[in-house]
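The values are calculated or read from the model by the stated rules, or taken from the named source; none is laboratory data. Just so we're clear, the structure is a prediction, and the values are computed from it rather than from any experiment. Cβ coordinates were reconstructed from backbone atoms using ideal geometry, including for glycine residues, and neighbour counts include every protein chain displayed. Areas reflect the complete protein model, heavy atoms only, side chains present, ligands, DNA and RNA absent. Shrake-Rupley method; radii C 1.70, N 1.55, O 1.52, S 1.80 Å.
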Amino acid sequence: MEKQTLSQQFLAAWYAGTPLLAVITPDPGATLRTLRAAVEKDKPPLLRWNVMEGIVGVNEPGVEAATVILGGADPVAKSGNPAEALALAANLPEKSILFFFSAHRFVGRDAAGNEAVCQAAWNLRDKYKSSDRMLVLLAPELVLPPDLSSDVIVLEEELPSDDELAKVVVGVCKGAKLPEPKDGVLSKAVDALRGLGSLFTAEQVTAMSLRKSGLDQEALWARKRQSIEATAGLVIYKGAETYADIGGQAQITSYLRNIMRPDAPQTIKLLVHMDEIEKMMGGTGTATGVGDSTGVAQDALGVTLREMEDNEYDGILLVSPPGCGKSLFAKAVANEFGRMALAFDYGAMKGKYVGQSEQAVRQGWRIVRSVAGRGGAMVIGTCNRLGSLPPELRRRFTSGIWYVDIPVREERDAIWPIQLRRYGLPLDLERPDDAGWTGADIRNCCRKAWQLGCSLHEAAGFLVPVSRSDPESIDALRLLARGKFLDASRPG
């Protein structure tokens, strides 16, 4: 079944007599215009409220309604306070729709001292239900408090589609009297704009990237990175690693090569890297029985489970002792196959006010959906331990849990030349005894030799491999993996 547009969902709620509605939108001004057009034929009184203007009419019936309830008083003086504005809104005529801007600041869980506003909004529920009126809360993200969450229907406006972005690019070029971009240029521009917050943002970014010769694709991507990275916890990875920098892990690299092949039935557009995912989810309490008392970790887990399931996102979970190349592999996949890589960090999404963390997590996943679409993302999680990782999250990694062991002899022989070249050292240097070394140990040895200007044997004297410093943890992890996980290096 084709997904309904925001206008269709809004009309369904309007005709059903829904009294309290919330719309999650990156551009409330554009959303108001869209929803106004959807109901204009019914000519209901439409009004809006914001803290700088108070209650004002949006259409002619709305202007008349505002004049009546304000009694000719200045809108800001009489209705600038949100609680007082909602109390006044109880007197609006039948079939009125009041659009309430920046709702997250007044009725969201992160809003301090919001008891009166929440109560005023709840008081409208029965009054509006019996008179076909509606209060529409507009916000970029909104986590409702318990006293409203059961009474407010929440709709979400998706980020701009590819067709909408293409129209923006063509329109901006025409406005600047430049030739319309050809198909190849246009598709690249849409790729660069995908994931931005709104059509307004896309229009501004496109206009700022125009040159006399046409669109500057590098400028588009630079501004896209700036826009996405303005979201707490999201960073676009910009490294240069490829499979050639790994040295080993032949089985999992072969598996990903098949998944990413050009004729694959499902195109992966985005790689979402969650490094040390067990620490991000450690406060959920589902695996340990000890949870995060704020509920933030539990909420992040719930959102992650829902997003991966509902959008059919694939996932690979890499488990190994520290230094075995899990993170390097996750970074290398993006460059190997020319995909965008997004580092997703729940820890950096945590805010100091209640509700901020939940909103940041939801905004992060909205960007993932916009960039990747349905089925177009692969989540690559890495962890050193599985004890705190909830079993329901493990099941979301549908491409399996892979164990990355300490590299064997032939893998270490492949890693040494990579690291020697990296630090400009001769390839024929005599190597120390590297039994039990990880890829990180080999890298550190080469770096020490480069820094100190010494031999590899001398540099090895400053290293304590993890296989020697913590052998018990490695043995325990191998025992856990045996017969249960896939092997990153060999079939089976």
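Here are a few things to note about the model shown:
- Across the stretch 408-415, computed HN-Hα scalar couplings (Karplus, 6.51 cos²θ - 1.76 cosθ + 1.60, θ = phi - 60°) run 7, 3, 5, 6, 5, 5, 7, 6 Hz from first to last residue, x flagging Gly and Pro.
- Only protein atoms count toward the accessible area here, which uses a 1.4 Å probe; on the stretch 429-474, the carbon and sulfur part of that area reaches 49 percent.
- The H on the amide N of residue 402, modeled in the peptide plane, is under 5 Å from the matching H of 317, 318, 319, 486, each at least 5 residues off or on a different chain.
- The stretch 48-122, Rg to Rh (Cα coordinates; Rh as Kirkwood inverse mean 1/r): 0.96
- Area of residue 172 that stays accessible when all protein chains are in place (1.4 Å probe, Å², to 10): 20
- For the chain, the mean residue ellipticity at 222 nm estimated from helices alone is -13500 deg cm²/dmol, where every DSSP H run of n ≥ 4 contributes -39500 (n - 2.57) and the total is divided by all residues, rounded to the nearest 500.
- Between amide H atoms placed 1.01 Å from N, distances below 5 Å from residue 423 occur with no residue 5 or more places distant or on a separate chain.
- Summing Lys and Arg as +1 and Asp and Glu as -1 over all other residues whose Cβ lies under 14 Å from the Cβ of residue 306 gives a net charge of -2.
- Probe 1.4 Å, protein heavy atoms only - accessible area per residue of the chain in square angstrom: 47
- When you restrict to C-alpha pairs under 8 Å that are six or more residues apart and normalise by the size of the stretch 344-492, the relative contact order lands at 22 percent.
- Accessible surface for residue 350 stands near 130 Å², nearest 10, in the context of the full protein assembly shown (1.4 Å probe).
- Farthest positive-ward along the chain dipole, Cα basis, beta-carbon charges - from 274, 152, 17: 274
- Alpha carbon centroid spacing (whole Å) that separates the stretch 377-444 from the stretch 189-230: 36
- To put it simply, the accessible area of the stretch 193-287 at a 1.4 Å probe is 52 percent carbon and sulfur.
- Local electrostatic count at residue 163 - Lys and Arg +1, Asp and Glu -1, tallied over other residues with Cβ under 14 Å: -3
- The Cα center of the stretch 5-44 and the Cα center of the stretch 293-371 differ in position by 31 Å.
- Subset of 41/177; 167/331; 41/127; 167/269; 167/350; 350/448 violating a 28 Å alpha-carbon distance limit: 41/177; 167/331; 167/350; 350/448
- Computing Rg and the Kirkwood Rh from the Cα coordinates of the stretch 170-269 gives a ratio, Rg/Rh, of 1.08.
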